[in-house]
Every structure is written in C-alpha cells, then in structure tokens.
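Visitor: The structure that follows is given in the form of structure tokens.
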Amino acid sequence: MDNFVETDFHTKADIDNDFRRLDEILNSNIFSTANARNPLFQSAFLETLVRTRDLMRKAEVLVSRISFDDDVIKTEQVKDVTDLITYVRDAMCHPESDKHFLEPRNIKFAFCVSFGKGTLAKIGDLEIKSEHADDTAFFFGPQRIYLKRHIIRCIGEARTKLAIVKVKK
C-alpha cells in the first residue's frame with residue numbers, strides 16, 4: 001500500500017501553485033548580481049518568502065516540520081529554518097516592525113544583500129557578514145537568510161515531504 005496523506009482539493013492546488021510560482025521565480029535569475037537593481041528584485045523575494053512559508057506550514061500540518069538549523073542565527077524567536085523563514089517574511093511584510101533593528105544599538109538593517117562571502121557592516125564588535133562564497137545572503141536586523149542554504153533547501157525539502165499529499169476522494 002502506498003504511503004500518502006489526504007487533503008482537500010484547494011490545499012493541494014495551493015501546494016502545486018506555490019511550487020510552480022517558486023520554480024518560475026527561481027528560474028528567472030532575478031536573484032543574480034546582474035538583477036540586483038531590478039525594480040522587481042524585492043517583490044520576487046517577498047513572493048518567494050510568502051510561498052515558501054506557505055509550503056512549510058502545509059508540510060508541518062500534513063507531514064512534518066522542516067526544522068534544520070544549519071547556518072541559522074538562533075535567538076529567542078528563531079530556533080530553526082521554519083522560524084527563520086517566518087521571521088524574514090514578517091519583516092518584509094511589516095516594515096514598521098522591530099525585526100529590522102540591531103540591538104542594543106537601535107540601528108535599522110533591513111533588506112541588505114550580500115552576493116557571496118563578505119562583511120556587509122562592522123559596528124563595534126558586531127559583524128554582519130555572509131559566510132559563503134557560493135550563496136546570496138539577505139539581512140534583516142539580527143537575522144541572515146541564505147538563498148541556497150535556507151530558501152532553496154526548504155523548497156526542496158517541502159517538495160519531498162509534500163509529494164505524498166493527495167486529494168481526498
């Protein structure tokens with residue numbers, strides 16, 4: 001007997017649509033250095049976060065949580081990659097939130113991007129940096145999210161977990 005999870009038609013359609021749109025966005029090369037000044041760069045990032053978060057929530061409810069913590073800056077709010085995706089999605093959707101500030105210095109650090117390895121800022125003993133030459137890092141306050149190591153990996157894990165989801169008959 002095949003191992004599968006049943007859900008309603010609308011949830012399954014949302015899952016399929018999320019994967020389709022994420023594939024389109026990621027295959028468009030919008031997150032390359034050549035497109036860093038593209039007026040749709042931030043919009044594409046926001047849609048990527050919203051759809052990735054939706055898939056992660058559906059994976060958690062229907063199958064299991066995506067919970068790796070490689071390269072995750074752990075805080076009281078962020079324990080794993082699911083928390084990180086939620087944190088960054090919330091920061092993007094709520095520019096007035098405190099998620100954009102470094103503490104205790106009250107410095108706003110919102111949607112800063114590093115293509116490859118490097119230090120974006122050094123403020124006293126605080127260093128905001130990307131650790132990987134082969135990845136793109138996005139920074140929001142004290143958090144850093146990598147395109148490949150976090151977002152694309154989450155999408156891949158969600159694709160694997162949600163592959164067993166079928167529509168109820």
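Every number in this text was worked out from the coordinates using simple rules, so none of it is lab data. Everything numeric here is computed off the predicted structure, so don't read it as measured data. Neighbour counts run over all protein chains shown; Cβ positions are idealised from the backbone, glycine included.
Visitor: Which of the numbered conditions does residue 57 fail, given that it passes all the others? Conditions: (1) within 14 Å of the chain's Cα centre (by Cα); (2) of a type outside the set (Asp, Glu); (3) within 17 Å of residue 147 (Cα to Cα).
Guide: All conditions are met except number (3).
Visitor: Which members of the range 148-169 meet the condition of being surrounded by fewer than 20 Cβ atoms within 10 Å (Cβ to Cβ), touching a helix residue (DSSP H, G or I) at 6+ places or on another chain (Cβ under 9 Å) and closer than 17 Å to residue 30 by Cα?
Guide: Across the range 148-169, the qualifying residue is only 152.
Visitor: Output the number of the condition that residue 96 fails; it satisfies all remaining conditions of (1) touching an Asp or Glu at 6+ places or on another chain (Cβ under 7 Å); (2) charged (D, E, K, R); (3) over 22 Å from residue 70 (Cα atoms); (4) without any contact (Cβ under 8 Å) to a residue 24 or more places away in the chain.
Guide: Of (1) touching an Asp or Glu at 6+ places or on another chain (Cβ under 7 Å); (2) charged (D, E, K, R); (3) over 22 Å from residue 70 (Cα atoms); (4) without any contact (Cβ under 8 Å) to a residue 24 or more places away in the chain, only one is false for residue 96: (1).
Visitor: Also: Only one of (1) within 12 Å of the chain's Cα centre (by Cα); (2) assigned to a helix (DSSP H, G or I) is not met by residue 138, so which one is it?
Guide: Exception for residue 138: condition (2).
Visitor: Turning to a different aspect of this structure: Which one is surrounded by the most Cβ atoms within 10 Å (Cβ to Cβ), of the residues in the range 1-23 that are of a type in the set (D, E, K, R) and under 16 Å from the mean Cα position of the chain (by Cα)?
Guide: Residues of the range 1-23 that are of a type in the set (D, E, K, R), as a first pass: 2, 6, 8, 12, 14, 16, 18, 20-21, 23.
Next, only the ones that are under 16 Å from the mean Cα position of the chain (by Cα) stay: 18, 21, 23.
On the way: 18: 22, 21: 14, 23: 12.
The selected residue is 18.
Visitor: Still on this structure: Does residue 149 count as under 24 Å from residue 7 (Cβ atoms) and either among the β-branched types (Val, Ile, Thr) or touching a residue at least 24 places away in the same chain (Cβ under 8 Å) (or both)?
Guide: Here the answer is no, as residue 149 does not meet what is asked.
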